[in-house]
1. Using a Förster distance of 35 angstrom, determine the FRET efficiency expected from the C-beta separation of Leu305 and Tyr250, and round it to 0.05.
2. According to the square roots a ≥ b ≥ c of the eigenvalues of the Cα gyration tensor, what is the shape class of segment 222-290, taking rounded for a/c under 1.5, prolate for a/b larger than b/c otherwise, and oblate for the remainder?
3. Once you place label points 7 Å from the Cα toward the Cβ at Asn176 and Ser267, how far apart are they in nm?
4. Let's test the formula: R0 of 41 Å, r as the Cβ-Cβ distance of Ser93 and Asn238. What FRET efficiency results, to the nearest 0.05?
5. Could you tell me what percent of the accessible area of segment 262-357 is made up of carbon and sulfur, with a 1.4 Å probe and every protein chain present?
6. Once the piece of chain linking Asp86 and Glu143 is laid out straight, how much longer is it, given 0.36 nm per residue of separation minus the C-alpha distance between them?
Amino acid sequence: MEVKGIDGKLEKSDSTSADEISHLSIDIGGSLIKIVYFSTNSKCSTNDEAPTLSKERQEVPNGDLNHHILSGRLYFVKFETSKIEDCIKFLSSKKLQKCGAQCHHSHAVDKIKIKATGGGAFKFADLFKEKLGLTLDKVEEMESLVTGANFLLKAANHEVYTYIGGQKEYVQIDQNDLYPYLLVNIGSGVSMIKVDGDGKFQRVSGTSVGGGTFLGLGKLLTKCQSFDELLELSHQGNNRVIDMLVGDIYGGLDYSKIGLASTAIASSFGKAISENKELEDYKPEDIARSLLRMISNNIGQIAYLNALRFGLKRIFLGGFFIRDHAYTMDTISVAVDFWSKGEAKAMFLRHEGFLGALGAFMNYKDGSTDPMPPQLVEQQPAKRSSSCIVDRIHNSTRVQENENGATDCRLRVSSSFKIYDEVKRC
(Lines give C-alpha, C1' and ligand atoms only; values in the text may rest on other atoms or scores of the structure.)
Protein backbone atom coordinates (compact mmCIF):
# COMPACT_ATOMS: atom_id res chain seq x y z
CA MET A 1 0.00 0.00 0.00
CA GLU A 2 1.24 3.46 -0.86
CA VAL A 3 0.05 6.90 0.16
CA LYS A 4 0.95 9.52 -2.41
CA GLY A 5 0.90 13.29 -2.31
CA ILE A 6 0.58 15.99 -4.93
CA ASP A 7 4.32 16.08 -5.63
CA GLY A 8 4.48 12.38 -6.39
CA LYS A 9 6.27 11.45 -3.17
CA LEU A 10 5.10 8.59 -1.04
CA GLU A 11 3.88 9.37 2.42
CA LYS A 12 3.16 6.93 5.23
CA SER A 13 -0.39 6.91 6.46
CA ASP A 14 -0.84 7.47 10.17
CA SER A 15 -3.79 5.43 11.38
CA THR A 16 -3.76 7.31 14.68
CA SER A 17 -4.22 10.70 13.02
CA ALA A 18 -6.87 12.86 14.65
CA ASP A 19 -7.73 14.63 11.41
CA GLU A 20 -11.35 14.30 10.33
CA ILE A 21 -11.97 12.43 7.07
CA SER A 22 -14.86 14.13 5.32
CA HIS A 23 -14.88 12.76 1.76
CA LEU A 24 -13.61 9.54 0.18
CA SER A 25 -13.75 8.06 -3.31
CA ILE A 26 -12.43 4.80 -4.71
CA ASP A 27 -11.56 3.47 -8.17
CA ILE A 28 -11.40 -0.33 -8.31
CA GLY A 29 -9.69 -1.52 -11.48
CA GLY A 30 -8.66 -4.93 -12.72
CA SER A 31 -5.13 -4.57 -11.33
CA LEU A 32 -5.17 -1.72 -8.80
CA ILE A 33 -7.44 -0.01 -6.29
CA LYS A 34 -7.01 3.77 -6.09
CA ILE A 35 -8.33 5.86 -3.21
CA VAL A 36 -8.59 9.63 -2.81
CA TYR A 37 -9.66 11.06 0.53
CA PHE A 38 -9.88 14.53 2.03
CA SER A 39 -8.65 15.04 5.60
CA THR A 40 -9.37 18.27 7.46
CA ASN A 41 -6.49 19.92 9.29
CA SER A 42 -6.82 19.64 13.05
CA LYS A 43 -3.24 20.61 13.88
CA CYS A 44 -3.04 24.09 12.40
CA SER A 45 -1.37 26.88 14.27
CA THR A 46 -3.44 29.82 15.52
CA ASN A 47 -3.98 32.83 13.32
CA ASP A 48 -5.95 35.85 14.49
CA GLU A 49 -7.23 36.49 11.00
CA ALA A 50 -8.46 32.97 10.38
CA PRO A 51 -12.00 31.93 11.42
CA THR A 52 -12.93 28.70 13.16
CA LEU A 53 -15.20 26.23 11.41
CA SER A 54 -17.67 24.33 13.56
CA LYS A 55 -20.80 22.27 13.05
CA GLU A 56 -22.78 25.39 12.34
CA ARG A 57 -23.03 27.21 9.02
CA GLN A 58 -19.90 29.20 8.18
CA GLU A 59 -20.08 32.25 5.97
CA VAL A 60 -17.60 32.16 3.08
CA PRO A 61 -15.85 35.19 1.61
CA ASN A 62 -18.12 35.42 -1.42
CA GLY A 63 -21.16 35.88 0.76
CA ASP A 64 -22.76 32.49 0.05
CA LEU A 65 -24.26 31.41 3.39
CA ASN A 66 -25.26 27.99 2.07
CA HIS A 67 -21.70 26.75 1.74
CA HIS A 68 -18.57 26.73 3.83
CA ILE A 69 -14.90 26.00 3.40
CA LEU A 70 -12.97 23.11 4.93
CA SER A 71 -9.20 23.36 5.20
CA GLY A 72 -7.29 20.15 4.74
CA ARG A 73 -5.36 17.79 2.52
CA LEU A 74 -6.04 15.33 -0.26
CA TYR A 75 -4.35 11.96 0.08
CA PHE A 76 -3.78 9.41 -2.68
CA VAL A 77 -3.54 5.69 -1.83
CA LYS A 78 -3.25 2.55 -3.95
CA PHE A 79 -3.49 -1.20 -3.42
CA GLU A 80 -3.26 -4.21 -5.68
CA THR A 81 -6.76 -5.46 -6.44
CA SER A 82 -5.61 -9.00 -5.70
CA LYS A 83 -4.94 -7.79 -2.15
CA ILE A 84 -8.30 -6.15 -1.64
CA GLU A 85 -8.41 -7.40 1.96
CA ASP A 86 -5.48 -5.04 2.71
CA CYS A 87 -7.54 -2.19 1.32
CA ILE A 88 -10.48 -3.12 3.52
CA LYS A 89 -8.22 -3.30 6.59
CA PHE A 90 -6.86 0.15 5.76
CA LEU A 91 -10.33 1.62 5.41
CA SER A 92 -11.36 0.04 8.66
CA SER A 93 -8.30 1.27 10.57
CA LYS A 94 -8.72 4.81 9.27
CA LYS A 95 -12.46 4.67 9.90
CA LEU A 96 -12.94 6.14 6.46
CA GLN A 97 -16.25 4.37 6.09
CA LYS A 98 -17.79 7.03 8.32
CA CYS A 99 -17.11 9.80 5.83
CA GLY A 100 -19.17 8.72 2.85
CA ALA A 101 -21.75 10.85 1.13
CA GLN A 102 -25.05 11.33 2.91
CA CYS A 103 -23.91 9.32 5.95
CA HIS A 104 -25.12 12.20 8.13
CA HIS A 105 -28.67 11.84 6.84
CA SER A 106 -29.22 8.55 8.56
CA HIS A 107 -27.83 6.51 11.42
CA ALA A 108 -28.56 3.31 9.55
CA VAL A 109 -25.38 1.50 8.50
CA ASP A 110 -26.88 0.34 5.22
CA LYS A 111 -27.22 3.96 4.06
CA ILE A 112 -23.55 4.88 4.38
CA LYS A 113 -22.25 5.54 0.86
CA ILE A 114 -18.98 6.39 -0.81
CA LYS A 115 -18.38 7.29 -4.44
CA ALA A 116 -16.88 4.42 -6.43
CA THR A 117 -15.92 3.83 -10.04
CA GLY A 118 -14.28 1.12 -12.13
CA GLY A 119 -15.46 -2.40 -12.81
CA GLY A 120 -14.63 -3.46 -9.27
CA ALA A 121 -17.31 -1.12 -7.95
CA PHE A 122 -19.76 -3.71 -9.28
CA LYS A 123 -17.67 -6.83 -8.69
CA PHE A 124 -16.83 -6.11 -5.05
CA ALA A 125 -19.94 -4.19 -3.98
CA ASP A 126 -21.16 -7.05 -1.79
CA LEU A 127 -17.73 -7.45 -0.16
CA PHE A 128 -17.59 -3.78 0.90
CA LYS A 129 -21.13 -4.06 2.19
CA GLU A 130 -20.35 -7.18 4.20
CA LYS A 131 -16.99 -6.12 5.63
CA LEU A 132 -17.50 -2.38 6.15
CA GLY A 133 -21.23 -1.75 5.89
CA LEU A 134 -20.57 0.48 2.89
CA THR A 135 -22.73 1.03 -0.15
CA LEU A 136 -20.68 1.87 -3.22
CA ASP A 137 -22.39 4.76 -4.98
CA LYS A 138 -21.26 4.01 -8.53
CA VAL A 139 -19.98 6.69 -10.89
CA GLU A 140 -19.56 5.91 -14.60
CA GLU A 141 -15.94 5.01 -15.34
CA MET A 142 -15.21 7.08 -18.47
CA GLU A 143 -16.98 10.07 -16.97
CA SER A 144 -14.80 9.80 -13.86
CA LEU A 145 -11.60 9.60 -15.89
CA VAL A 146 -12.46 12.71 -17.89
CA THR A 147 -13.63 14.66 -14.83
CA GLY A 148 -10.43 13.79 -12.98
CA ALA A 149 -8.23 14.72 -15.93
CA ASN A 150 -10.03 18.03 -16.49
CA PHE A 151 -9.66 18.88 -12.81
CA LEU A 152 -5.92 18.21 -12.77
CA LEU A 153 -5.31 20.07 -16.02
CA LYS A 154 -7.11 23.12 -14.67
CA ALA A 155 -6.33 23.06 -10.96
CA ALA A 156 -3.01 21.42 -10.12
CA ASN A 157 0.27 23.28 -10.40
CA HIS A 158 3.10 21.52 -12.26
CA GLU A 159 0.89 18.62 -13.24
CA VAL A 160 1.77 18.13 -16.91
CA TYR A 161 5.22 17.39 -18.26
CA THR A 162 7.03 15.97 -21.28
CA TYR A 163 9.89 13.51 -21.11
CA ILE A 164 12.50 13.96 -23.81
CA GLY A 165 16.10 12.84 -23.80
CA GLY A 166 15.93 11.78 -20.17
CA GLN A 167 14.67 15.18 -19.03
CA LYS A 168 11.33 16.23 -17.60
CA GLU A 169 9.99 19.56 -18.76
CA TYR A 170 6.83 20.88 -17.14
CA VAL A 171 4.23 22.35 -19.46
CA GLN A 172 1.98 25.30 -18.67
CA ILE A 173 -1.53 24.52 -19.86
CA ASP A 174 -3.57 27.34 -21.41
CA GLN A 175 -7.06 26.73 -20.04
CA ASN A 176 -8.53 28.76 -22.87
CA ASP A 177 -6.97 26.39 -25.38
CA LEU A 178 -7.29 23.07 -23.55
CA TYR A 179 -9.95 21.39 -25.67
CA PRO A 180 -10.13 19.21 -27.60
CA TYR A 181 -7.50 16.72 -26.46
CA LEU A 182 -6.86 12.99 -26.45
CA LEU A 183 -6.77 11.26 -23.07
CA VAL A 184 -4.93 7.93 -23.13
CA ASN A 185 -5.66 6.00 -19.97
CA ILE A 186 -3.34 3.00 -19.60
CA GLY A 187 -4.64 0.61 -17.00
CA SER A 188 -5.04 -3.14 -17.38
CA GLY A 189 -6.17 -2.28 -20.90
CA VAL A 190 -6.01 1.05 -22.72
CA SER A 191 -8.81 3.52 -23.44
CA MET A 192 -8.43 6.48 -25.76
CA ILE A 193 -10.91 9.26 -25.11
CA LYS A 194 -11.52 12.39 -27.17
CA VAL A 195 -12.36 15.17 -24.71
CA ASP A 196 -14.19 18.24 -26.03
CA GLY A 197 -15.03 19.92 -22.72
CA ASP A 198 -16.49 19.37 -19.27
CA GLY A 199 -18.82 16.41 -19.60
CA LYS A 200 -18.21 16.23 -23.36
CA PHE A 201 -16.22 13.19 -24.39
CA GLN A 202 -16.21 10.05 -26.51
CA ARG A 203 -14.18 6.87 -26.23
CA VAL A 204 -12.81 6.64 -29.75
CA SER A 205 -10.43 3.70 -29.50
CA GLY A 206 -8.43 1.45 -27.24
CA THR A 207 -6.39 -1.71 -27.07
CA SER A 208 -6.35 -4.80 -24.88
CA VAL A 209 -2.55 -4.63 -24.82
CA GLY A 210 -1.84 -2.57 -21.69
CA GLY A 211 -0.60 -2.83 -18.13
CA GLY A 212 -2.38 -6.13 -17.55
CA THR A 213 -0.63 -7.57 -20.59
CA PHE A 214 2.75 -6.45 -19.29
CA LEU A 215 2.22 -7.99 -15.87
CA GLY A 216 0.46 -11.11 -17.15
CA LEU A 217 3.09 -12.02 -19.74
CA GLY A 218 5.82 -10.89 -17.36
CA LYS A 219 4.66 -13.32 -14.69
CA LEU A 220 4.54 -16.15 -17.22
CA LEU A 221 7.95 -15.41 -18.73
CA THR A 222 9.85 -14.35 -15.60
CA LYS A 223 9.56 -15.09 -11.91
CA CYS A 224 8.28 -11.60 -11.06
CA GLN A 225 5.10 -11.48 -9.02
CA SER A 226 4.33 -7.75 -9.03
CA PHE A 227 4.24 -4.86 -11.48
CA ASP A 228 6.90 -2.89 -9.64
CA GLU A 229 9.19 -5.91 -9.44
CA LEU A 230 8.85 -6.41 -13.19
CA LEU A 231 9.59 -2.74 -13.87
CA GLU A 232 12.66 -2.88 -11.65
CA LEU A 233 13.88 -5.99 -13.46
CA SER A 234 13.51 -4.25 -16.83
CA HIS A 235 16.00 -1.60 -15.66
CA GLN A 236 18.76 -4.20 -15.87
CA GLY A 237 17.79 -5.67 -19.24
CA ASN A 238 18.83 -5.27 -22.86
CA ASN A 239 15.99 -5.68 -25.33
CA ARG A 240 18.40 -5.94 -28.29
CA VAL A 241 19.28 -9.45 -27.17
CA ILE A 242 15.71 -10.55 -27.99
CA ASP A 243 14.26 -7.94 -30.39
CA MET A 244 15.08 -8.13 -34.08
CA LEU A 245 16.39 -4.75 -35.22
CA VAL A 246 16.45 -3.21 -38.69
CA GLY A 247 20.23 -3.53 -38.59
CA ASP A 248 19.95 -7.27 -37.97
CA ILE A 249 18.15 -7.57 -41.29
CA TYR A 250 20.22 -5.07 -43.28
CA GLY A 251 23.66 -6.12 -42.10
CA GLY A 252 24.01 -3.33 -39.57
CA LEU A 253 22.84 -0.61 -41.99
CA ASP A 254 19.95 1.84 -41.75
CA TYR A 255 16.96 1.50 -44.04
CA SER A 256 17.33 5.15 -44.88
CA LYS A 257 14.90 5.21 -47.80
CA ILE A 258 11.95 4.93 -45.42
CA GLY A 259 13.63 6.63 -42.47
CA LEU A 260 14.36 3.61 -40.29
CA ALA A 261 17.59 3.61 -38.28
CA SER A 262 19.51 0.39 -37.84
CA THR A 263 18.57 0.46 -34.15
CA ALA A 264 14.81 0.58 -34.85
CA ILE A 265 12.89 -2.52 -33.78
CA ALA A 266 11.72 -4.52 -36.79
CA SER A 267 10.14 -7.30 -34.73
CA SER A 268 9.65 -7.50 -30.98
CA PHE A 269 10.99 -10.82 -29.66
CA GLY A 270 11.99 -11.53 -33.27
CA LYS A 271 15.43 -13.00 -32.54
CA ALA A 272 13.82 -15.87 -30.67
CA ILE A 273 12.62 -17.19 -34.05
CA SER A 274 16.05 -17.93 -35.47
CA GLU A 275 17.99 -18.73 -32.32
CA ASN A 276 18.03 -22.29 -31.05
CA LYS A 277 17.26 -21.33 -27.46
CA GLU A 278 14.68 -22.18 -24.83
CA LEU A 279 13.04 -19.72 -22.46
CA GLU A 280 15.48 -20.48 -19.68
CA ASP A 281 18.37 -19.54 -21.99
CA TYR A 282 17.25 -15.89 -21.98
CA LYS A 283 17.80 -13.56 -19.06
CA PRO A 284 14.57 -12.52 -17.31
CA GLU A 285 15.68 -8.88 -17.32
CA ASP A 286 16.08 -8.92 -21.14
CA ILE A 287 12.61 -10.41 -21.51
CA ALA A 288 11.12 -7.76 -19.21
CA ARG A 289 12.86 -4.99 -21.15
CA SER A 290 11.67 -6.26 -24.51
CA LEU A 291 8.13 -6.71 -23.23
CA LEU A 292 8.00 -3.18 -21.82
CA ARG A 293 9.38 -1.73 -25.05
CA MET A 294 6.85 -3.63 -27.17
CA ILE A 295 3.80 -2.52 -25.21
CA SER A 296 4.95 1.09 -24.79
CA ASN A 297 5.75 1.42 -28.51
CA ASN A 298 2.35 0.04 -29.42
CA ILE A 299 0.53 2.46 -27.11
CA GLY A 300 2.49 5.45 -28.40
CA GLN A 301 1.75 4.60 -32.02
CA ILE A 302 -1.97 3.99 -31.51
CA ALA A 303 -2.26 7.18 -29.46
CA TYR A 304 -0.75 9.31 -32.20
CA LEU A 305 -2.83 7.67 -34.95
CA ASN A 306 -6.00 8.50 -33.03
CA ALA A 307 -4.84 12.06 -32.46
CA LEU A 308 -4.16 12.32 -36.19
CA ARG A 309 -7.55 10.81 -36.97
CA PHE A 310 -9.38 13.57 -35.08
CA GLY A 311 -6.92 16.40 -35.64
CA LEU A 312 -5.95 16.63 -31.96
CA LYS A 313 -2.78 18.49 -30.99
CA ARG A 314 -2.59 17.44 -27.34
CA ILE A 315 -2.08 13.88 -26.09
CA PHE A 316 -2.25 13.36 -22.31
CA LEU A 317 -1.33 9.98 -20.85
CA GLY A 318 -2.62 8.64 -17.55
CA GLY A 319 -2.95 5.34 -15.78
CA PHE A 320 -0.66 3.41 -13.45
CA PHE A 321 1.19 1.65 -16.28
CA ILE A 322 3.56 4.62 -16.57
CA ARG A 323 4.44 5.12 -12.89
CA ASP A 324 6.96 7.84 -13.65
CA HIS A 325 9.15 5.14 -15.17
CA ALA A 326 11.85 6.72 -17.35
CA TYR A 327 12.14 3.93 -19.92
CA THR A 328 8.37 3.71 -20.38
CA MET A 329 7.98 7.47 -20.84
CA ASP A 330 10.97 7.62 -23.17
CA THR A 331 9.59 4.82 -25.36
CA ILE A 332 6.12 6.36 -25.63
CA SER A 333 7.60 9.82 -26.27
CA VAL A 334 9.88 8.52 -29.01
CA ALA A 335 7.01 6.62 -30.64
CA VAL A 336 4.76 9.71 -30.72
CA ASP A 337 7.61 11.86 -31.98
CA PHE A 338 8.56 9.36 -34.69
CA TRP A 339 5.09 8.77 -36.09
CA SER A 340 4.15 12.46 -35.95
CA LYS A 341 7.47 13.50 -37.51
CA GLY A 342 8.07 15.75 -34.52
CA GLU A 343 4.72 17.56 -34.72
CA ALA A 344 3.21 16.02 -31.56
CA LYS A 345 4.49 15.31 -28.06
CA ALA A 346 3.35 12.87 -25.43
CA MET A 347 2.42 14.67 -22.21
CA PHE A 348 2.33 12.90 -18.87
CA LEU A 349 0.41 13.61 -15.66
CA ARG A 350 1.97 13.41 -12.20
CA HIS A 351 -1.24 11.97 -10.74
CA GLU A 352 -1.62 9.67 -13.72
CA GLY A 353 -3.17 6.74 -11.87
CA PHE A 354 -5.75 8.65 -9.85
CA LEU A 355 -7.87 10.21 -12.60
CA GLY A 356 -10.86 7.94 -11.99
CA ALA A 357 -10.76 8.26 -8.21
CA LEU A 358 -10.46 12.06 -8.47
CA GLY A 359 -13.35 12.20 -10.91
CA ALA A 360 -15.51 10.17 -8.56
CA PHE A 361 -14.46 12.48 -5.70
CA MET A 362 -15.65 15.49 -7.67
CA ASN A 363 -19.01 13.76 -8.16
CA TYR A 364 -20.07 14.20 -4.53
CA LYS A 365 -23.32 16.08 -4.17
CA ASP A 366 -25.34 16.74 -1.06
CA GLY A 367 -28.35 14.66 -1.92
CA SER A 368 -31.08 16.02 -4.17
CA THR A 369 -31.28 19.44 -2.55
CA ASP A 370 -27.84 20.69 -3.51
CA PRO A 371 -26.61 20.11 -7.06
CA MET A 372 -23.17 21.62 -6.34
CA PRO A 373 -20.36 19.11 -5.80
CA PRO A 374 -17.45 19.83 -3.44
CA GLN A 375 -15.03 22.27 -5.03
CA LEU A 376 -11.36 22.73 -4.31
CA VAL A 377 -10.72 26.44 -4.04
CA GLU A 378 -7.54 28.43 -4.38
CA GLN A 379 -5.22 28.70 -1.42
CA GLN A 380 -2.50 31.19 -0.60
CA PRO A 381 0.13 31.25 2.16
CA ALA A 382 -1.01 33.19 5.20
CA LYS A 383 0.84 36.39 6.02
CA ARG A 384 1.65 35.58 9.64
CA SER A 385 2.65 31.96 9.40
CA SER A 386 4.30 30.03 6.59
CA SER A 387 2.64 26.84 7.83
CA CYS A 388 -0.87 28.17 7.43
CA ILE A 389 -3.14 28.87 4.49
CA VAL A 390 -5.84 31.48 3.98
CA ASP A 391 -8.91 31.06 1.74
CA ARG A 392 -9.41 33.05 -1.39
CA ILE A 393 -12.25 32.04 -3.65
CA HIS A 394 -11.69 32.86 -7.31
CA ASN A 395 -12.85 31.49 -10.62
CA SER A 396 -9.71 29.38 -10.77
CA THR A 397 -9.28 26.42 -8.43
CA ARG A 398 -5.55 26.04 -7.89
CA VAL A 399 -4.24 23.63 -5.30
CA GLN A 400 -0.76 23.57 -3.78
CA GLU A 401 1.61 20.91 -2.55
CA ASN A 402 3.12 20.93 0.93
CA GLU A 403 6.56 19.77 2.00
CA ASN A 404 5.21 16.48 3.35
CA GLY A 405 3.88 15.39 -0.04
CA ALA A 406 0.14 15.80 0.53
CA THR A 407 -2.14 18.27 -1.23
CA ASP A 408 -3.05 21.30 0.86
CA CYS A 409 -6.36 22.64 -0.36
CA ARG A 410 -9.75 24.08 0.50
CA LEU A 411 -12.94 22.12 0.03
CA ARG A 412 -16.15 24.09 -0.60
CA VAL A 413 -19.13 22.08 0.59
CA SER A 414 -22.77 22.54 1.44
CA SER A 415 -23.51 23.63 4.98
CA SER A 416 -25.55 20.48 5.50
CA PHE A 417 -22.48 18.27 5.25
CA LYS A 418 -21.81 17.23 8.81
CA ILE A 419 -18.57 18.22 10.52
CA TYR A 420 -18.15 15.86 13.45
CA ASP A 421 -15.79 18.00 15.53
CA GLU A 422 -14.86 21.63 15.56
CA VAL A 423 -12.23 22.13 12.87
CA LYS A 424 -9.70 24.94 13.26
CA ARG A 425 -8.60 26.45 9.99
CA CYS A 426 -5.16 27.93 9.56
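The values are calculated or read from the model by the stated rules, or taken from the named source; none is laboratory data. Quantities reported herein were computed from a predicted structural model and do not represent experimental measurements. No Cβ is skipped: glycine too gets one built from the backbone with ideal geometry, and neighbour counts run over all protein chains shown. These area figures cover heavy atoms from the full protein model, side chains too; ligands, DNA and RNA do not enter into them. Shrake-Rupley method; radii C 1.70, N 1.55, O 1.52, S 1.80 Å.
1. Using R0 = 35 Å, I get an efficiency of 0.85.
2. Details: a/c = 3.54, a/b = 1.82, b/c = 1.94.
Judged from the Cα gyration tensor, segment 222-290 comes out oblate (a/c at least 1.5, b/c at or above a/b).
3. So the label points at Asn176 and Ser267 sit 5.4 nm apart.
4. Working: r = 44 Å, r/R0 = 1.06.
After rounding to 0.05, the efficiency reads 0.40.
5. On the way: 2010 of 4000 Å².
Summing carbon and sulfur atoms, their accessible area is 50 percent of the total for segment 262-357.
6. On the way: separation 57, 0.36 × 57 = 20.52 nm, distance 2.73 nm.
Answer, rounded to one decimal: 17.8 nm.
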